[in-house]
Amino acid sequence: MNRDSVVDLRSDTVTRPTPAMRRAMAEAEVGDDVYSEDPTVNRLELRAAEIFEREAALFFPSGTMGNQAAIRVHTCPGQEVICEARAHILNYEMATMAAFSGCLARPLHAEDGILTWNLIAPHVRGRSTVRASTGLVELENTSNLAGGSVYPPEVADEICARAHELSLPVHLDGARIFNAAEALGKGVAEITRSFDSVMFCLSKGLGAPVGSMLIGNKAFISEARIVRKMLGGGMRQAGVLAAAGLVALEEGPGRLHVDHENARLLAEGLAEIPGIAIDPQKVVTNIVLFDVTGTGHTAAEICRRLAVSKVLTNPMGATTIRMVTHYDVDRAGCERALLALREVVSGSRTNAVA
Ligand SMILES: Cc1ncc(COP(=O)(O)O)c(C=O)c1O
């Protein structure tokens, strides 16, 4: 299959490096990053820390490793991590917080994936001889499985302030924090300054082929460097990857509004297709979740049929499908996806009746 004729809406992780990234990778100055001697990695870490107005940053091969290193540094074995029920750290990171950090998740359901201090407070536990104590609060912004929803900054700030009063650290899974910043019309430093640590991905909407950053103060990042090595994430001439990451960091954020416009176009088109349930007002970033119960078919069936028309999407549950916009999908691609879905659904409805 020629990839260029495919409309790939499965995730914003599928983007391929731009020509500028490939050039930067080819020309990258490199050294051994386990010795902290890779000048390009060092430049990326300095730049990320500067953009987030923090003391230090560390380059990771993946967002999963960045999140799990943060959990390990912030917690002790036997503690609980409070997170939203749909959190990536709980559902898509291989039970690593249990296997590697010895922690249990304390998942709480929140409307649109947005926790509040009022929801969290009753579940915070101090040290006792009966129940596990809370070691960490974790928020996800944007919330992937809640459809790219965005934390109002005052809600996140209040959670951090109240947790800090109890000496509880708060980690942000900001895999798509630049999407949140774009939706809010604010800078990433402003919307993340209350958190103890922030992970963000270079390899999603920003378009780099590989890499995520963990941000925090110097003491936290020097511990995270040790944990990264434990996880096998000490990379050698990683400057070839960091070079693409630098291009992503400088050029990626400025075009995210296009992905958001395309996601809104998809949402509004989907809302007009019989049998599909979606509230387009809730689509504020680049993730579009919709329910297909009314079509009489499962999400997996619909995704399979769409793939025949070279439109790739992900079933996220029995009746839920996710589409994610990114720089490798343009407005015409989104219109093609809507057309294909309309055909699949009208075909399925006919078949369902037959
Ligand atoms: C919200 C969120 N956090 C973390 C990650 C992990 O990133 P990676 O795939 O680089 O491990 C993802 C990946 O999709 C994600 O959506």
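The values are calculated or read from the model by the stated rules, or taken from the named source; none is laboratory data. This structure is a prediction, so every number in the text was calculated from the model and none was measured. We place every Cβ from the backbone using ideal geometry, glycine too, and count neighbours over all the protein chains shown.
Could you tell me whether Gly317 is assigned to a loop (DSSP other than H, G, I, E, B), of a type outside the set (A, V, I, L, M) and under 24 Å from Asp112 (Cβ atoms)?
Answer is yes for this residue.
Mind listing just one residue for me: the one in the range 1-17 that is away from the ligand (no atom under 16 Å from the Cβ) and either exposed (fewer than 15 other Cβ atoms within 10 Å of the Cβ) or assigned by TED's automatic domain parsing to the domain that holds Val311 (or both) and, of those, farthest from Val329 (Cα to Cα)?
Restricting to residues being away from the ligand (no atom under 16 Å from the Cβ) and either exposed (fewer than 15 other Cβ atoms within 10 Å of the Cβ) or assigned by TED's automatic domain parsing to the domain that holds Val311 (or both), the top hit is Met1.
State all residues of the range 139-182 that are in a loop (DSSP other than H, G, I, E, B) and among the aromatic types (Phe, Trp, Tyr); if no residue qualifies, say none.
Step one: filter the range 139-182 for residues in a loop (DSSP other than H, G, I, E, B), giving 141-142, 144-148, 150-152, 166-169, 174-176.
Result: Tyr151, single match.
Is it fair to say Leu136 is in a strand (DSSP E or B), on the phi < 0 side of the Ramachandran plot and modelled with pLDDT of 95 or more?
Yes.
Determine whether the range 102-112 contains at least one residue that is more than 24 Å from Glu165 (Cβ to Cβ), modelled with pLDDT of 95 or more and under 17 Å from the mean Cα position of the chain (by Cα).
Within the range 102-112, one or more residues are more than 24 Å from Glu165 (Cβ to Cβ), modelled with pLDDT of 95 or more and under 17 Å from the mean Cα position of the chain (by Cα).
Please work out if Glu45 is away from the ligand (no atom under 15 Å from the Cβ), farther than 24 Å from Leu166 by Cα, modelled with pLDDT of 95 or more and surrounded by fewer than 20 Cβ atoms within 10 Å (Cβ to Cβ).
No.
Considering only the range 267-288, how many residues are under 17 Å from Asn179 (Cα atoms), touching a Leu at 6+ places or on another chain (Cβ under 8 Å) and of a type in the set (A, V, I, L, M, F, W, C)?
Result for the range 267-288: 2.
Going by the conditions given, is Leu246 within 20 Å of the chain's Cα centre (by Cα), modelled with pLDDT of 95 or more and surrounded by fewer than 19 Cβ atoms within 10 Å (Cβ to Cβ)?
No: the conditions fail for Leu246.
Filter the range 58-71 down to the residues that are crowded, with 24+ Cβ neighbours inside 10 Å and not small (Gly, Ala, Ser), then identify the one that is farthest from the ligand (Cβ to nearest atom).
Selected residue: Leu58.
Of the residues Ala121, Ala183, Ala189, Ala85, which single one is away from the ligand (no atom under 16 Å from the Cβ), surrounded by fewer than 24 Cβ atoms within 10 Å (Cβ to Cβ) and within 18 Å of the chain's Cα centre (by Cα)?
Ala189
Just checking, which of Ala105, Ala99, Ala69, Ala110 is hydrophobic (A, V, I, L, M, F, W, C) and out of contact with any strand residue (DSSP E or B) (no Cβ under 9 Å at 6 or more places or on another chain)?
Ala99
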